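Presented below is the structure to which this report refers.
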Amino acid sequence: MTARDDQIRRVLAELDAHIAEVEASVTVLKALLADDEAPGDEGPE
Amino acid sequence: MARELRNAAKGSGEDVAAHHGLVKMIPQWERGNRAPRERYRLLYLKIFKDALGDMSHSMGLATDLAIRLAEVRSRAGSLPGSGEIRALEASALAQPRKAMTPAQIRALAAEAITQLHKVADRIAELSALLADDAAGEGKP
């Protein structure tokens with residue numbers, strides 16, 4: 001494996017971690033909004 | 001080739017002709033004037049088998065890298081932009097939440113945008129590395 005391959009793998013690993021962070025934060029934000037859309041227990045019958 | 005044969009012979013304990021003898025015999029084998037003896041054929045096999053083994057290992061690593069690259073690029077491509085994250089933040093802040101305070105929501109959105117910038121930076125770094133590779137391949 002060349003030094004360049006190592007460098008590419010390192011950047012890929014960092015990229016992977018940053019993407020996972022964004023995905024996790026967006027998932028939480030979307031989950032908050034999904035709570036609004038979910039049918040509530042307290043609604044009129 | 002003579003050096004390769006001698007090295008392969010050294011590794012397997014085979015006895016081969018002296019260097020100048022090999023240098024004389026190899027062109028005759030290559031032209032088909034003479035057939036190499038079995039021990040030389042076996043040494044040739046060993047040399048090319050090792051070379052192919054190295055090549056297939058390198059190809060495996062390159063394939064693995066290409067698959068990971070495609071995977072990460074596809075995930076990066078499906079991420080929302082910072083505008084979309086701001087819109088999600090605004091919607092989440094539009095009414096009080098039991099699960100999170102407004103400060104936590106703002107911090108979460110800000111962190112997502114920070115990470116998004118880091119994604120862009122890493123993609124730029126990766127593109128530069130791959131462009132160097134492509135330029136290197138084009139060189140004679």
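The values are calculated or read from the model by the stated rules, or taken from the named source; none is laboratory data. As the structure is a prediction and not an experimental result, all values here were calculated from the model. All Cβ positions, glycine included, derive from the backbone under ideal geometry; neighbour counts span all protein chains shown.
Brief remarks on what is shown
- The criterion of being assigned to a helix (DSSP H, G or I), more than 8 Å from chain A (Cβ to nearest Cβ), in contact (Cβ under 8 Å) with a residue 24 or more places away in the chain and of a type in the set (A, V, I, L, M, F, W, C) does not hold for residue B:116.
- Among the residues of region B:20-31, not a single one is part of a loop (DSSP other than H, G, I, E, B) and either more than 30 Å from the chain's Cα centre (by Cα) or in contact (Cβ under 8 Å) with a residue 40 or more places away in the chain (or both).
- Selection count where residues are more than 18 Å from residue B:51 (Cβ to Cβ), exposed (fewer than 11 other Cβ atoms within 10 Å of the Cβ) and not aliphatic (A, V, I, L, M), scope region B:1-40: 7
- The condition of being more than 7 Å from chain B (Cβ to nearest Cβ) and modelled with pLDDT under 75 holds for only one of A:35, A:6, A:41, that being A:41.
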